[in-house]
1. Collect the residues in the stretch 50-61 that are outside any loop (DSSP other than H, G, I, E, B) and surrounded by 10 or more Cβ atoms within 10 Å (Cβ to Cβ), keeping them in residue-number order.
2. Would a scan of the stretch 62-73 turn up a residue that is surrounded by 10 or more Cβ atoms within 10 Å (Cβ to Cβ) and either at pLDDT 75 or above or not in a helix (DSSP H, G or I) (or both)?
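The values are calculated or read from the model by the stated rules, or taken from the named source; none is laboratory data. As the structure is a computational prediction, the values presented were derived from the model and not from experiment. Using ideal geometry, Cβ is built from the backbone for each residue, glycine included, and neighbour counts are taken over all protein chains shown.
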């Protein structure tokens, strides 16, 4: 009989250790999944914040371009054709070219 008790005790010990290892392994998998989810969400929030701050900086902050005044543009009226004494068009002068 003592031999049977010893065998049962060893079997219970092995079963308990096996269950403990299995629970530990399952907990590690669950923790990795949770950590990956938290890291992904945190990274996404940081990325959105960086993009938003850069956009805000370059549109409204010190990085925004400041409009500078340009020279005054004077609009002259378009020259109207003046009546001329002749309606001939000018002809080019010929020159001697070597």
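1. 50, 51, 52, 53, 54, 55, 56, 57, 58, 59
2. yes
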